[in-house]
Amino acid sequence: MAFKREKIRGEVVKESMRQIAIYGKGGIGKSTIASNLSAALSEIGHTVMQVGCDPKRDSTRILAGGRFIPAVLEEHREQLRVGKDEYGIKLDHIVFKTPGGIYLVEAGGPEPGVGCAGRGVLTALQILKDLNAFEIYKVDVAIYDVLGDVVCGGFSMPIRQGFAKEIYLICSGGFMSIYAANNIARAVQRLAKRGDTGLAGIICNSNGDEAFESAVIPEFAKKLGTSFVRFVPRSPVIQACELEGRAVVEHSPDSKEAKIFRDLAQSIMENDSRVIPTPVNDLAELENMYRQHLVKR
């Protein structure tokens, strides 16, 4: 798959750019959701930039035809090696455009065993901001796919520094995914008080126990004071598309799964709710909620 590397033109982005962050437990399917959401948003005419905030730089792989694109921090280190700073970086070396028109960025991370990955993500985001990437590419929607749980202060940086205004939590019916989402909500609760950032809703990426998940996840969302946005079923179509490095709306445009992602994109664009969440502070309360639904199965 060849990427189109656009020439840079200094044009101003719309002030209404949506900044959406996808958080959730590691391995819960954030990148699958983020990539298919990006593709569905692009399909309906939005200019989308997806920013992978994970040192593994695999967030954009589905949209990149299964490939791994170069990372911002790799380019940054190269500039430092030759005696330059981030201002020597060219945007068309770190921003890649798919044939479908989606802009892809991978933040990357520090060298293994050196430095904080969270701080590395912040450095990459700051470089994008300083180089006016969002304005130059006239981005309507920026989607940040953020690494796993909030394991250190660095991974809260997309929220803390104002890069992400709308937070969506991804979870399944597994207790640990709900536990992780609750911890992330606790971080959002602290950080949202500093600005207009907030929790916009919960998306369920099913682990296959759909009847259970359709009961427990909406109740969990209610406890957090937010909305349950959409249910994404476990599907061989989605898995096949992921393996082939293609978004569902591109690979299987007439499938029910493609409709699900189109509906998700529409729901998010129509959602103007951002709340300061009310996480469950008592672990026993969270466990009791979960057990009650297990008993009902």
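The values are calculated or read from the model by the stated rules, or taken from the named source; none is laboratory data. If you're wondering where the values come from, they're calculated on a predicted model, not measured in any experiment. With ideal geometry, Cβ positions are generated from the backbone for all residues, glycine too; neighbour counts draw on all protein chains shown.
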task = Kindly indicate which of Ile238, Ile217, Ile202 is touching a residue at least 60 places away in the same chain (Cβ under 8 Å) and surrounded by 17 or more Cβ atoms within 10 Å (Cβ to Cβ).
result = Ile238
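For the range 169-217, give me the residue count where each residue is of a type in the set (Ser, Thr, Tyr) and within 21 Å of Ser31 (Cβ to Cβ). Steps first, please.
Initially, the range 169-217 is screened for residues of a type in the set (Ser, Thr, Tyr), giving 172, 177, 179, 197, 206, 214.
Those left that are additionally within 21 Å of Ser31 (Cβ to Cβ): 172, 177, 179, 206.
Within the range 169-217, residues that are of a type in the set (Ser, Thr, Tyr) and within 21 Å of Ser31 (Cβ to Cβ) number 4.
Scan Ser59, Ser42 and give me the residue that is assigned to a loop (DSSP other than H, G, I, E, B), modelled with pLDDT of 85 or more and not aromatic (Phe, Trp, Tyr).
Details: Ser42 fails: assigned to a loop (DSSP other than H, G, I, E, B).
Among Ser59, Ser42, only Ser59 is assigned to a loop (DSSP other than H, G, I, E, B), modelled with pLDDT of 85 or more and not aromatic (Phe, Trp, Tyr).
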Residue, modelled with the highest pLDDT, within the range 69-100, restricted to residues that are surrounded by 14 or more Cβ atoms within 10 Å (Cβ to Cβ) and over 18 Å from Leu125 (Cα atoms) = Thr98
request  = Give me the pairs, please: first residue somewhere in the range 281-297 and surrounded by fewer than 11 Cβ atoms within 10 Å (Cβ to Cβ) and of a type outside the set (A, V, I, L, M), second residue anywhere and at pLDDT below 95 and in a helix (DSSP H, G or I), beta-carbon distance under 6 Å, and either six or more positions apart or on two chains.
outcome  = Arg297/Phe212
query = Is it true that some residue in the range 236-247 is at pLDDT 95 or above and polar (S, T, N, Q)?
reply = no
query = In the range 157-210, how many are of a type in the set (Ser, Thr, Tyr) and outside any helix (DSSP H, G or I)?
reply = 4
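Being of a type in the set (A, V, I, L, M, F, W, C), at pLDDT below 95, on the phi < 0 side of the Ramachandran plot and over 19 Å from the mean Cα position of the chain (by Cα): is that true of Ala211 here? Before the answer, list the steps.
Working: of a type in the set (A, V, I, L, M, F, W, C): yes; at pLDDT below 95: yes; on the phi < 0 side of the Ramachandran plot: yes; over 19 Å from the mean Cα position of the chain (by Cα): yes.
The answer is yes for Ala211.
Of everything in the range 35-61 that's β-branched (Val, Ile, Thr) and more than 13 Å from the chain's Cα centre (by Cα), which residue is surrounded by the most Cβ atoms within 10 Å (Cβ to Cβ)? So that I can check it myself, show each step before the final result.
Initially, the range 35-61 is screened for residues β-branched (Val, Ile, Thr), giving 44, 47-48, 51, 60.
Pick out the ones that are also more than 13 Å from the chain's Cα centre (by Cα) and you get 44, 47.
Values: Ile44: 11, Thr47: 19.
Checked the range 35-61; the qualifying residue surrounded by the most Cβ atoms within 10 Å (Cβ to Cβ) is Thr47.
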